[in-house]
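The values are calculated or read from the model by the stated rules, or taken from the named source; none is laboratory data. This structure is a prediction, so every number in the text was calculated from the model and none was measured. Using ideal geometry, Cβ is built from the backbone for each residue, glycine included, and neighbour counts are taken over all protein chains shown.
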Amino acid sequence: MYTWKSYYVVQADYQHWANEALFDSLAHLRPETLEADEGLFNRSIHHTVDHMLAMGQLWLARLQGADPRDTAHEPHHPIWRELLTALRLETRRLEKWLEAQPDAFFEGEVGYTDRDGQARTLWVRDALNHLYTEYAHLRGEIAATANRLGAPRAEMDYAHYRREMVKLLEEARQAPR
C-alpha cells in the first residue's frame, strides 16, 4: 500500500543514492579543487557538501521535536573523507528514523524557530520536501561546478534511480536461493 511514509522513506533512499553518484564524480577532482572558492553560494564544493550535512542534521532534529540553533551555514567537517562519511550516515539515519515513525506522523506538523528568531510551523511533508529539494538544488550546483572542473557527469536523476532499483530487485528475484 502506498502511503506518505513509504514515499518519504523511498525519497530518503534516493537522496543517499544520488549523493553516492555525486561523490563518485567528485572523486575525479584533486583535493585542493574541492576546497577552492568556485563562486558557489557556500563558496566551495566542500563547504556546499558540509551545508548539506548541516541541513540534514538540523531538519532531523526539528522533526524529532528539538529546536536547535541553525548552524547550516557554518563549517562543520574540515576533513573531506570524514564529511562524506558523516553525510552518508546522516542520510541513512534519517531514512531509518522515518521508517520507525507511524503513518500518522506524516500528517502532522513540525514547529521550529527560523534564523531570524521567528516561530514557524510546517507540515512534516513540507519540511521533508524542503530538505529533499534543497539537497537536489545543492547537488546540481556542485555537479555543474564539478563538470566545469573536469569531473564526469553524475547520473543523479530520480528516473535513473528508479530504473536501477527495479533492475536490482529483478536480479534479487532471479538469484539462486
Can you find a residue in the stretch 111-125 that is out of contact with any strand residue (DSSP E or B) (no Cβ under 9 Å at 6 or more places or on another chain) and under 24 Å from Glu38 (Cβ atoms)?
no
Quick test of your reading of the structure: Ala127 fulfils all but one of (1) more than 24 Å from Asp103 (Cα to Cα); (2) modelled with pLDDT of 95 or more; (3) surrounded by 10 or more Cβ atoms within 10 Å (Cβ to Cβ). Name the failing condition by number.
(1)
Within the stretch 13-35, restricting attention to residues that are among the charged types (D, E, K, R) and farther than 22 Å from Arg162 by Cα, which residue is nearest to the chain's Cα centre (by Cα)?
Glu35
Exactly one of Ala100, Ala146, Ala104, Ala175 is out of contact with any Phe, Trp or Tyr (no Cβ under 8 Å at 6 or more places or on another chain) and surrounded by 14 or more Cβ atoms within 10 Å (Cβ to Cβ), and that one is Ala146
Among the residues that make up the stretch 49-68, is at least one of them closer than 17 Å to Leu149 by Cα and either in contact with a Cys (Cβ under 6 Å, 6 or more places away or on another chain) or modelled with pLDDT of 95 or more (or both)?
yes
For Phe23, state whether it is hydrophobic (A, V, I, L, M, F, W, C), touching a helix residue (DSSP H, G or I) at 6+ places or on another chain (Cβ under 9 Å) and at pLDDT below 95.
no
Considering only the stretch 126-154, state which residues are part of a loop (DSSP other than H, G, I, E, B) and within 19 Å of the chain's Cα centre (by Cα).
Arg153, Ala154
